[in-house]
Ligand SMILES: NC(=O)c1ccc[n+]([C@@H]2O[C@H](COP(=O)([O-])OP(=O)(O)OC[C@H]3O[C@@H](n4cnc5c(N)ncnc54)[C@H](OP(=O)(O)O)[C@@H]3O)[C@@H](O)[C@H]2O)c1
């Protein structure tokens, strides 16, 4: 079956698309009509499952092993997508890691890894994508509700890393606006994924911190990304969008 949507003929790249919010986003963009490439680092089988889901919607899918913490791999990923699909219209910077804990427990190696994936990787993948994006191009980055409100201890490194993406997003919007390319950032609240399971030990206080009193589903983030990636959002750029159940309210 071939889906008909607002993104027919477009090509999207979703980093960290093998699981969680990235997988839901990849499938949602395919449902809107896009061909979608996903990256992963260790989840090859999961990424290939997502590709099969994309293909079941009548679109082309591609699973690429590309470690965002490796500068060479992050810097080459968009070229690999264009080599396969011939163009690139949408980048979703989703790949991310969360290392939480008291300040004194976080080692220099932890700092390097989190910044390499969550910040340098996003910068380098974006830099690899920008030359390929044309008028109507879209960059959507996944931030975090922890950039708006840190609800308790243990979030120094993660909140610091995700906060850098707000500055990147605003600067990209200014740099790319005259080419018709938008850049926006989405801040999920607690969302039920492997990273943050809704039945995990830290789930109850997170649910309690939201206005709606529950975890979100990955699809609820994906729908916001799909709007920002779509043709109707051309006048939306440099902006932050909370999909957090009222976590920041
Ligand atoms: N879940 C939440 O409550 C929540 C809240 C706010 C923000 N976020 C953000 O949302 C994004 C997605 O989170 P999630 O909850 O869906 O996480 P997840 O279930 O842990 O999935 C993480 C994804 O990122 C990929 N990834 C991890 N390290 C990578 C690397 N070095 N290079 C390339 N890909 C890498 C993983 O690939 P593999 O399968 O190969 O490991 C996987 O596809 C992250 O940026 C996260 O910080 C999540």
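Applying the selection to region 221-249, what residues are surrounded by fewer than 18 Cβ atoms within 10 Å (Cβ to Cβ) and out of contact with any helix residue (DSSP H, G or I) (no Cβ under 7 Å at 6 or more places or on another chain)?
231, 232, 234, 235, 239, 246, 249 - these are the residues of region 221-249 that are surrounded by fewer than 18 Cβ atoms within 10 Å (Cβ to Cβ) and out of contact with any helix residue (DSSP H, G or I) (no Cβ under 7 Å at 6 or more places or on another chain).
When region 121-143 is examined, which residues are found to be touching a strand residue (DSSP E or B) at 6+ places or on another chain (Cβ under 6 Å) and either over 22 Å from residue 161 (Cα atoms) or outside any helix (DSSP H, G or I) (or both)?
If the condition is that a residue be touching a strand residue (DSSP E or B) at 6+ places or on another chain (Cβ under 6 Å) and either over 22 Å from residue 161 (Cα atoms) or outside any helix (DSSP H, G or I) (or both), then 138, 139, 140, 141, 142, 143 are the ones that fit.
Could you tell me which residue of region 181-202 is nearest to the chain's Cα centre (by Cα), considering only residues that are assigned to a strand (DSSP E or B) and closer than 16 Å to residue 219 by Cβ?
Here the residue is 186.
Any residue at all in region 170-185 that is in contact with a helix residue (DSSP H, G or I) (Cβ under 9 Å, 6 or more places away or on another chain) and over 29 Å from residue 10 (Cα atoms)?
No, region 170-185 contains no residue that is in contact with a helix residue (DSSP H, G or I) (Cβ under 9 Å, 6 or more places away or on another chain) and over 29 Å from residue 10 (Cα atoms).
Looking only at region 172-201, how many residues end up being farther than 11 Å from residue 139 by Cβ and either surrounded by 13 or more Cβ atoms within 10 Å (Cβ to Cβ) or more than 16 Å from the ligand (Cβ to nearest atom) (or both)?
Residues of region 172-201 farther than 11 Å from residue 139 by Cβ: 174, 177-180, 186-201.
Among the residues that remain, those that are also either surrounded by 13 or more Cβ atoms within 10 Å (Cβ to Cβ) or more than 16 Å from the ligand (Cβ to nearest atom) (or both) are: 174, 177-180, 186-193, 195-198, 200.
Residues meeting the conditions: 18.
Could you tell me whether residue 17 is touching a helix residue (DSSP H, G or I) at 6+ places or on another chain (Cβ under 9 Å) and not in a loop (DSSP other than H, G, I, E, B)?
Numbers: touching a helix residue (DSSP H, G or I) at 6+ places or on another chain (Cβ under 9 Å): yes; not in a loop (DSSP other than H, G, I, E, B): no.
No; evaluated as a whole, the condition is false for this residue.
Pull up region 1-22, narrow it to residues that are more than 7 Å from the ligand (Cβ to nearest atom) and surrounded by 23 or more Cβ atoms within 10 Å (Cβ to Cβ), then point me to the one that is nearest to the chain's Cα centre (by Cα). Steps first, please.
We begin by selecting, within region 1-22, every residue more than 7 Å from the ligand (Cβ to nearest atom); these are 1-14.
Still in the running and surrounded by 23 or more Cβ atoms within 10 Å (Cβ to Cβ): 7, 10-14.
On the way: 7: 18, 10: 18, 11: 15, 12: 12, 13: 10, 14: 7 Å.
Going through the qualifying residues, I end up with 14.
Scan region 203-221 residue by residue and report those that are within 10 Å of the ligand (Cβ to nearest atom) and within 15 Å of the chain's Cα centre (by Cα). Steps first, answer last, please.
From region 203-221, those within 10 Å of the ligand (Cβ to nearest atom) are 203, 206, 215-216, 218, 221; that's our starting set.
Of everything in region 203-221, those that are within 10 Å of the ligand (Cβ to nearest atom) and within 15 Å of the chain's Cα centre (by Cα) turn out to be 218, 221.
Please name all residue pairs, on different chains or six or more residues apart, with Cβ atoms under 8 Å, provided the first residue is in region 52-75 and is within 16 Å of residue 13 (Cβ to Cβ) and the second residue is at pLDDT below 95.
59/2; 59/3
Any idea which residue in region 26-85 is surrounded by the fewest Cβ atoms within 10 Å (Cβ to Cβ), counting only those that are within 9 Å of the ligand (Cβ to nearest atom) and part of a loop (DSSP other than H, G, I, E, B)?
Step by step, filter region 26-85, then rank; the result is 42.
Condition check: touching a residue at least 60 places away in the same chain (Cβ under 8 Å), closer than 20 Å to residue 140 by Cβ and either part of a helix (DSSP H, G or I) or touching a strand residue (DSSP E or B) at 6+ places or on another chain (Cβ under 7 Å) (or both). Does residue 164 satisfy that?
no
The values are calculated or read from the model by the stated rules, or taken from the named source; none is laboratory data. Only a predicted model underlies this, so the values are computations on that prediction, with no experimental measurement involved. Virtual Cβ from ideal backbone geometry, glycine too; neighbours counted across all protein chains shown.
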